[in-house]
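Peer 1: One structure, as structure tokens, below. Some questions next.
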Amino acid sequence: MQQQNIYYKACLCSYCGDNYNGWQRQKNATGVQNIIENILSQLYGIKILIAGSGRTDTGVHAYGQVFNFASAKYFDNNTLMRALNSLLPKDIAVLEIADVTKDFHAGKSIKSKTYEYKIINMPVHNPFMINRALWIRNHIDRKYLEDTLAFFKGTCDFQSFCVKKTKKANTIRTINYIKLITDNENISILINADGFLHNMVRIITGTALKIVKDNLNPENILTIMEQKDRRMAGPTAPAYALYQKEAFYNNDNIAGLKGIPAKYLI
């Protein structure tokens, strides 16, 4: 019996999270993963399952979600991308596709990810950024916020800054960098780490903003970490202002599919 060829693809996609219950496939709700799998299954004529570079919560958006899948049928990448984008809803787009080896896995092969949290800091809300950025009316001291965020950098136990799914979950993560990018009223918090816990970026953001708002000592972050108790940290910032920005598969600061090491490419 002739052995069947299996072809492996990696895809880069972006989506607006407003209409979805996060990225992950679900039985009783609609995740972005459900939508993409259904369209791929329709195109290939068989059930296709995909694996993503990370999960996003309900309402969270993505610029650079990577996913991979396998199939016994081959489409060239341009044809497949046009077909996908013609069938996907307009709030999901496939931006790039690459042929990869069976060893590549969007989640397991990843080195780090970057999330971006967007804030609009001005007296009047920006109607074009509703559900796209967190509006804060009162002035934010940028230097104060930057100094507070610096205490999160490094390898730490982020148990106080997450919602634990299980008691045995490992809550130690390494934040490679945490940056504050400002442009007039626009503020972005960029966090790159080797992995993220549930609600981690949103709780870090909410806690840092509370410390600045209440004029507390930024070193309070260290005390909160030592407590290992979610109740000691600040509020969870809203989901709608959070974006999965980039996935890195190398140490060369090249994001997305262009950064996939040659050993995984065909």
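The values are calculated or read from the model by the stated rules, or taken from the named source; none is laboratory data. Since we're looking at a predicted model, the values are computed, not measured. Counting neighbours? That spans all protein chains shown, and the Cβs are built from the backbone with ideal geometry, glycine included. Just so you know, the surface numbers come from the protein's heavy atoms only, side chains and all, with ligands and any DNA or RNA stripped out. Shrake-Rupley method; radii C 1.70, N 1.55, O 1.52, S 1.80 Å.
Peer 1: Being of a type in the set (Lys, Arg) and within 29 Å of His139 (Cα to Cα) narrows it down to one of Arg231, Arg173, so name that one.
Peer 2: Testing whether each residue is of a type in the set (Lys, Arg) and within 29 Å of His139 (Cα to Cα) leaves just Arg231.
Peer 1: Specify which of the listed residues (Gln33, Gln65) is within 25 Å of Ala237 (Cα to Cα), part of a strand (DSSP E or B) and at pLDDT 95 or above.
Peer 2: After applying the criteria, what remains is Gln65.
Peer 1: Among the residues that make up the range 71-89, is at least one of them in a helix (DSSP H, G or I), among the hydroxyl-bearing types (Ser, Thr, Tyr) and either touching a residue at least 60 places away in the same chain (Cβ under 8 Å) or more than 24 Å from Thr30 (Cβ to Cβ) (or both)?
Peer 2: Looking through the range 71-89, at least one residue is in a helix (DSSP H, G or I), among the hydroxyl-bearing types (Ser, Thr, Tyr) and either touching a residue at least 60 places away in the same chain (Cβ under 8 Å) or more than 24 Å from Thr30 (Cβ to Cβ) (or both).
Peer 1: Here's another thing I want to ask about it. Consider only pairs whose beta carbons are under 8 Å apart and that are at least six residues apart or on different chains; among these, list those whose first residue lies in the range 94-120 and is more than 30 Å from Leu134 (Cβ to Cβ) and whose second residue is assigned to a loop (DSSP other than H, G, I, E, B) and among the hydroxyl-bearing types (Ser, Thr, Tyr).
Peer 2: Sorted first by the residue in the range 94-120, then by its partner, the pairs are Asp103/Ser109; Ser109/Tyr249.
Peer 1: Out of all the residues in the range 86-103, which are closer than 13 Å to Leu12 by Cβ and open to solvent by less than 50 Å² (accessible area, probe 1.4 Å)?
Peer 2: Scanning the range 86-103 gives Ile92, Ala93, Val94, Ile97, Ala98, Val100.
Peer 1: Output the residue which, of all residues in the range 197-228 that are part of a loop (DSSP other than H, G, I, E, B) and open to solvent by less than 40 Å² (accessible area, probe 1.4 Å), is farthest from Cys16 (Cα to Cα).
Peer 2: Top of the filtered list is Pro218.
Peer 1: Of everything in the range 8-38 that's among the aromatic types (Phe, Trp, Tyr) and in contact with a strand residue (DSSP E or B) (Cβ under 6 Å, 6 or more places away or on another chain), which residue is surrounded by the fewest Cβ atoms within 10 Å (Cβ to Cβ)?
Peer 2: By that ranking, first place goes to Tyr8.
Peer 1: If you scan the range 168-195, which residues turn out to be closer than 24 Å to Gln227 by Cα, touching a residue at least 40 places away in the same chain (Cβ under 8 Å) and open to solvent by 40 Å² or more (accessible area, probe 1.4 Å)?
Peer 2: Asn176, Asp194
Peer 1: Okay, next question. Looking only at residues in the range 68-111 that are touching a strand residue (DSSP E or B) at 6+ places or on another chain (Cβ under 8 Å) and of a type in the set (Val, Ile, Thr), which one is nearest to Asn251 (Cα to Cα)?
Peer 2: Once the filter is applied, the top-ranked residue is Ile110.
Peer 1: For residues in the range 229-239 being more than 19 Å from Tyr117 (Cβ to Cβ) and of a type in the set (D, E, K, R), which is surrounded by the most Cβ atoms within 10 Å (Cβ to Cβ)?
Peer 2: Once the filter is applied, the top-ranked residue is Asp229.
Peer 1: From the list Arg173, Arg137, which one is within 25 Å of Tyr15 (Cβ to Cβ) and charged (D, E, K, R)?
Peer 2: Unique residue meeting the criteria: Arg173.
Peer 1: Name the residue, out of Ile140, Ile110, that is more than 20 Å from the chain's Cα centre (by Cα) and either part of a loop (DSSP other than H, G, I, E, B) or closer than 30 Å to Leu265 by Cβ (or both).
Peer 2: Sole residue among the options that is more than 20 Å from the chain's Cα centre (by Cα) and either part of a loop (DSSP other than H, G, I, E, B) or closer than 30 Å to Leu265 by Cβ (or both): Ile140.
Peer 1: Go through the range 1-23 and report how many residues are at pLDDT 95 or above and closer than 16 Å to Phe69 by Cβ.
Peer 2: Residues flagged as at pLDDT 95 or above and closer than 16 Å to Phe69 by Cβ within the range 1-23 amount to 9.
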